[in-house]
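The values are calculated or read from the model by the stated rules, or taken from the named source; none is laboratory data. Note that this is a predicted model, so its numbers are computed, not measured. All Cβ positions, glycine included, derive from the backbone under ideal geometry; neighbour counts span all protein chains shown.
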Amino acid sequence: MTGDQIVILMVEDNVDHAELILRCFEENSFFNKVFHVADGETALNYIYGAAGFKDRMRYPLPNLILLDLHIPKIDGLQVLKQIKQDQNLRHIPVVILTSSESEKDLLAAYNSFVNSYVVKPLDYDKFLQLVKELKFYWLDWNKIPY
């Protein structure tokens, strides 16, 4: 994807996973903005420009959201539902990036209009490859609205 800067909101409570994702983006020449938050409440505050995120120049609306399901305060499924029920936000692609292989979680996510559901591999190299492929698909090949 070329042109305007792409903004990703990464909602991930596992610090190691967040670091790994950021490192993979850096290794793959991804130089756009990635904002990391660790819980659902902070994610919604960011998305709606509330609390400490009111300055849209500093905290722009994301073009892509990487969302873990099992996060503190407000779980990822509730965050997803709020985004997809909001006419002004539903166009933002949301990728669930989770360790859950539960069929119940998978169905709930797709019933809430998730754009993609990806299970984090346990193997470090496979995790790096997954993030690389997510980056290429969602940010290089796929067209996303600004």
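Table for the structure above
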read-out: Qualifying positions in region 12-44 - buried (at least 18 other Cβ atoms within 10 Å of the Cβ) and among the polar types (S, T, N, Q); value: T42
read-out: First in region 19-33 and more than 9 Å from V131 (Cα to Cα), second anywhere and loosely packed, with under 12 Cβ neighbours inside 10 Å and at pLDDT 65 or above, Cβ under 7 Å, 6 or more apart; value: N32/Q5; K33/Q5
read-out: Pairs where the first residue, in region 85-98, is closer than 21 Å to H70 by Cα and touching a residue at least 40 places away in the same chain (Cβ under 8 Å) and the second is charged (D, E, K, R) and in a loop (DSSP other than H, G, I, E, B), C-beta under 7 Å, 6+ apart; value: L97/D68; L97/K120
read-out: The one condition in (1) modelled with pLDDT of 95 or more; (2) of a type in the set (K, R); (3) surrounded by 15 or more Cβ atoms within 10 Å (Cβ to Cβ) that K104 fails to fulfil; value: (3)
read-out: Failed item, numbered, when F136 is tested on (1) buried (at least 17 other Cβ atoms within 10 Å of the Cβ); (2) part of a helix (DSSP H, G or I); (3) out of contact with any Ser or Thr (no Cβ under 9 Å at 6 or more places or on another chain); value: (1)
read-out: Condition broken by L107, with the remaining ones in (1) assigned to a loop (DSSP other than H, G, I, E, B); (2) more than 26 Å from Y124 (Cα to Cα) satisfied; value: (1)
read-out: Helices (runs of 4 or more DSSP H) fully within region 1-100 counting 3 or more residues that are at pLDDT below 90 and over 13 Å from the mean Cα position of the chain (by Cα); value: 15-27
